1. Could you name the lysines whose alpha carbon sits less than 23 Å from that of LYS118, not counting residues in the same chain fewer than 8 places away?
2. Given H placed on each backbone N at 1.01 Å, which residues far from LEU63 in sequence or on other chains put an amide H within less than 5 Å of it?
3. I want the local charge near GLY38. Using Cβ-Cβ distances under 12 Å, sum +1 for each Lys or Arg and -1 for each Asp or Glu among the other residues.
4. Quick one: net charge of GLY117's neighbours, Cβ under 14 Å, K/R +1, D/E -1?
Amino acid sequence: MDLIGTLASQLNIDSGKAEGLAGSVLGSIQGAIGEKYGADSAAELGSSVPELDGWKQKAAGLLGGGGEAESGGGLGDMLSGLAGGGGGGAADLLGAAAGALGGGGGGGMTGLVAILGKLDLDSDKIGLIAKLVMSFLQNRTEGGLLDKVKAVAPMLTGGGEGEGDLAGGLGKALGGLF
């Protein structure tokens with residue numbers, strides 16, 4: 001599956017924005033895997049998606065992080081701030097998106113909505129984005145790693161906090177923000 005081409009066509013955005021979106025979502029998942037399962041598991045995701053580093057750099061540039069997605073500060077700090085936290089670095093990269101995809105509280109969802117806003121995307125596209133990213137990861141990862149992805153980002157599979165319907169669960173969460 002060509003994730004960038006699919007995101008671009010399904011969301012009607014250019015490939016640069018699609019790369020930034022992929023980098024933000026997958027980078028947040030990689031950071032969450034690193035926090036929960038350790039650096040080796042995060043590196044395994046990087047090996048399964050070798051283009052991820054480039055996509056994270058694109059996300060940093062588009063979202064105002066100065067292109068330093070791997071260092072402390074920049075994009076990590078900006079998005080952690082959106083989620084109400086602090087810090088930076090690879091483990092924090094787009095913590096707001098990770099919180100939202102993981103079924104976290106309103107701060108994470110607010111951060112993800114802010115990311116979509118920066119990319120000129122409507123928040124009603126979250127369900128479609130989650131579906132496309134999950135399909136991509138199913139093609140790129142194997143059992144153990146895919147299970148880790150599902151554990152840190154249950155909203156990709158429609159799970160999380162007792163909500164079986166992905167779009168419905170995210171829509172309800174977003175509805176409370178407006």
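What follows is calculated from the coordinates using simple rules that are stated; it is not laboratory data. Remember, predicted model here, so these are calculated numbers, not experimental data. Note that each Cβ is placed from the backbone with ideal geometry, even for glycine, and that neighbours are counted across all protein chains shown.
1. Of all the lysines, those that pass the test against LYS118 - Cα under 23 Å, at least 8 places apart if same chain - are LYS17, LYS56, LYS58, LYS131, LYS172.
2. none
3. Residues near GLY38 contribute -1 overall.
4. 0
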